[in-house]
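The values are calculated or read from the model by the stated rules, or taken from the named source; none is laboratory data. It should be emphasised that the depicted structure is a prediction, and the values quoted were computed from it without experimental measurement. Neighbour counts are summed over all protein chains in view; Cβ atoms, including those assigned to glycine, are modelled from backbone coordinates with ideal geometry. Each accessible area value is taken on the protein alone, full model and side chains, heavy atoms only, with ligands, DNA and RNA left out. Shrake-Rupley method; radii C 1.70, N 1.55, O 1.52, S 1.80 Å.
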Amino acid sequence: MSTQMQQLYQQVILDHSRERIGNTDLLGDATQGPHGSSHQINPTCGDEIEVEAELGADGVIAVRWTGDGCSISMASASVLSDLAAENTVEGMLDIEAKFHELMHSRGTLEGDEEILRDAAAFSGVSKFPARIKCALLSWVAFKDALNQAQTSLKE
């Protein structure tokens, strides 16, 4: 990866860390549709996040979150929320699997920008084992919240 590309990716992470898409009050039981929530903590560095996923009638997932942590964990949650707003459950499960694979690649994979969009910017993070948990924290919470929402839909 070129230095210019690394700088671009770093800028994407910094921008999401500042803008924080989806970082808003959680609705809890005031949600309209099937929903779930998950609270996750990274004991290694103290990052903390709570993610709420709500299934819309149109198949789109609304993701809201609150949290406190490093730029990587907050940017990752922001990117996740942005992707969820434009994807179905199946699409997000595919993206989540590809992001997980990227994070565990130890820098051997480059993210597919057509699928991962801004999440591809985390390619460089996968080279630093201590930071992988930061990047995955919101994704783990999202998957748990989504599973709860899908379960409540079936009930």
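Details
- Selection of helices (runs of 4 or more DSSP H) fully inside the stretch 45-127 by the criterion of at least 1 residues being over 18 Å from Leu146 (Cβ atoms) and in contact (Cβ under 8 Å) with a residue 40 or more places away in the chain returns 71-84.
- Residue check, Met74 under 18 Å from Glu52 (Cα atoms) and not β-branched (Val, Ile, Thr): yes
- Selection count where residues are out of contact with any Gly (no Cβ under 6 Å at 6 or more places or on another chain), β-branched (Val, Ile, Thr) and either within 11 Å of Ala85 (Cα to Cα) or surrounded by 13 or more Cβ atoms within 10 Å (Cβ to Cβ) (or both), scope the stretch 32-68: 5
- Ala85, sole failed condition from (1) closer than 19 Å to Gln10 by Cα; (2) surrounded by fewer than 17 Cβ atoms within 10 Å (Cβ to Cβ): (1)
- The criterion of being hydrophobic (A, V, I, L, M, F, W, C), under 20 Å from Ser123 (Cα atoms) and either at pLDDT 90 or above or not in a loop (DSSP other than H, G, I, E, B) (or both) holds for Leu8.
- Extreme residue, modelled with the lowest pLDDT, among residues of the stretch 105-153 that are of a type in the set (S, T, N, Q) and more than 21 Å from Ile49 (Cα to Cα): Ser152
- Qualifying residue in the stretch 89-110 (condition: in contact with a His (Cβ under 8 Å, 6 or more places away or on another chain) and open to solvent by less than 30 Å² (accessible area, probe 1.4 Å)): no
- Subset of the stretch 1-31 [touching a residue at least 24 places away in the same chain (Cβ under 8 Å), touching a His at 6+ places or on another chain (Cβ under 9 Å) and exposed (fewer than 13 other Cβ atoms within 10 Å of the Cβ)]: Gly28
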